[in-house]
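Engineer: Below: one structure in structure tokens.
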Amino acid sequence: MNLVIQGDDVETPDLKELHRMARGSGIERVSDGAFRITKADPSTKAQVAAHCAKARLDWGFVEEGRTLCDFRLLAMDMDSTLISIECIDEIADFAGRKAEVAAVTAAAMRGEIDWPESLRRRVKALAGLDEGALEAVYAQRLRFNPGAQTLVAAAKRSGVKTLLVSGGFTFFTDRVRERLGFDHAYSNVLDVEGGRLAGTVSGPLVDAHGKAQHVARLKAELGIGREEVLAIGDGANDLPMLAQAGTSIAYHAKPVVREKADYALDYVGLDGVLAMFSGSPESSAIGSGEGK
């Protein structure tokens, strides 16, 4: 196994200590801010995790030679994963109810309340709002998380099918799918009546179960196994989807997700996925005593 270490600033003493701790054979620079400790001992996981938590570094033991091309499907959540906002919270801001709705969103993402019930409560709070608020949120507030476009573009170049699956709304997922070129996108339909939000959603509910179903269906359609799926999410409603994947990543996620995912990225952007599954390094080995 190789141990991939990433962060905004990987200090030389930390890299040296992690090399010693993981009993690695060498250190390779993968990219700016990312290093690979080769032939590391995965039994040192607890020690590595503790050191990286103090140093604010992301880490992961990855099978030697594993690349993005080994996957056939990349499934991603949207709100707070691919993009930096929770769309429903921002819509609620235009109705003067952001704090109320955001509190329900946060509780649902932590797995503290039933997600379908939380969606109904939050959507009901939007009833009567002019539908122009949706366009305002998209144009003024929706931003991609660091590395999002890079990751999706790399997946497409590698022949990996891409799925955007969200407990949010099709108004946003349809536009994001078009901008980034996702192969598939599924979300909830926010009902509009007379130019105003009706306070309801229609069609099949894309909740935790719905997300997992979309991944399972595409696995069957593509004829691929669980080990060929890479899934990324941040909230409790992503857990069933992550369980459908052979490799799961918690991205700046709630504790319940970090605990169950295979990997966690807490400090770097989504392009950190590429550093983890990069195959050979961009540059030559730098030796066991040198870091950034």
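Laboratory data are not the source of any read-out in this text; all were calculated from the coordinates shown. Bear in mind the structure is a predicted one, so any value in this text is a computation, not a measurement. Cβ: placed from backbone, ideal geometry, glycine included. Neighbour counts: every protein chain shown.
Engineer: Given the options VAL206, ALA155, THR247, identify the residue whose Cα lies farthest towards the positive end of the charge dipole of the chain (+1 on Cβ of Lys, Arg; -1 on Cβ of Asp, Glu).
Structural biologist: THR247
Engineer: Can you list the lysines whose alpha carbon is less than 26 Å from that of LYS39, not counting same-chain residues fewer than 8 positions off?
Structural biologist: Answer for LYS39, where 26 Å is the Cα cut-off: LYS16, LYS54, LYS260, LYS292, listed by chain and number.
Engineer: Moving to a separate point now. By a straight-distance test (C-alpha under 18 Å), which lysines pair with LYS124 as possible cross-link partners, with residues fewer than eight away in the same chain excluded?
Structural biologist: LYS98
Engineer: What are the semi-axes of the equivalent ellipsoid of the chain, taken as the square roots of 5 times the eigenvalues of the Cα gyration tensor, listed largest first and rounded to whole Å?
Structural biologist: Working through the eigenvalues yields semi-axes of 37, 19, 16 Å.
Engineer: Turning to a different aspect of this structure: Please work out how much length the chain gains when fully extended from THR200 to SER84, using 0.36 nm per residue of separation minus the C-alpha to C-alpha distance, in nm with one decimal.
Structural biologist: Roughly 39.3 nm would be gained on extension.
Engineer: Quick check for you: which residues of region 121-161 have the amide N under 18 Å from the point 7 Å beyond the Cα of VAL192 toward its beta carbon?
Structural biologist: 123-142
Engineer: Please give me, ordered by residue number, the trypsin sites (Lys or Arg not before Pro) of region 67-124 that lie in loop per DSSP and have at most 16 other Cβ atoms within 10 Å.
Structural biologist: Taking region 67-124 and a limit of 16 other Cβ atoms within 10 Å, the loop trypsin sites (Lys or Arg not before Pro) found are ARG97, ARG110.
Engineer: Follow-up question, since we're still on this one. Report the extension gain between GLU135 and ASP41 in nm, rounded to one decimal, defined as 0.36 nm multiplied by the number of residues separating them, less their alpha carbon distance.
Structural biologist: 28.8 nm
Engineer: Among residues other than GLY147 whose Cβ falls under 14 Å from its Cβ, what is the net charge (Lys/Arg +1, Asp/Glu -1)?
Structural biologist: -4
Engineer: I've got another one for you. Computed FRET efficiency, Cβ-Cβ of ARG175 and GLU63, R0 45 Å: what is it to the nearest 0.05?
Structural biologist: 0.80
Engineer: Right, something else. What spacing in nm lies between the two simple spin-label points modelled at ASP262 and ALA50, each 7 Å away from Cα in the Cβ direction?
Structural biologist: The modelled label-to-label distance comes out at 2.7 nm.
Engineer: Roughly how many Å is it from the Cα centre of region 124-191 to that of region 47-62, as a whole number?
Structural biologist: Their Cα centres are 31 Å away from one another.
Engineer: Of the candidates GLN149, GLN47, GLN244, which one comes out as most mobile in a Gaussian network treatment of the chain with C-alpha springs shorter than 10 Å?
Structural biologist: GLN47
Engineer: Dipole size in debye (nearest 20) for the chain around its Cα centre, Lys and Arg Cβ +1, Asp and Glu Cβ -1?
Structural biologist: With only Lys, Arg, Asp and Glu charged at Cβ, the dipole is about 340 debye.
Engineer: May I ask for the equivalent-ellipsoid semi-axes of region 140-200, computed as the square root of five times each C-alpha gyration tensor eigenvalue and listed largest first in whole Å?
Structural biologist: Semi-axes (√(5λ), whole Å): 27, 13, 8.
Engineer: Putting +1 on Lys and Arg Cβ atoms and -1 on Asp and Glu Cβ atoms, find which of VAL229, TYR267, PHE144 reaches farthest to the positive end of the dipole of the chain.
Structural biologist: The residue sitting most towards the positive pole is VAL229.
Engineer: Strictly greater than 19 Å: what percent of every Cα pair in region 1-56 meets that?
Structural biologist: 15 percent
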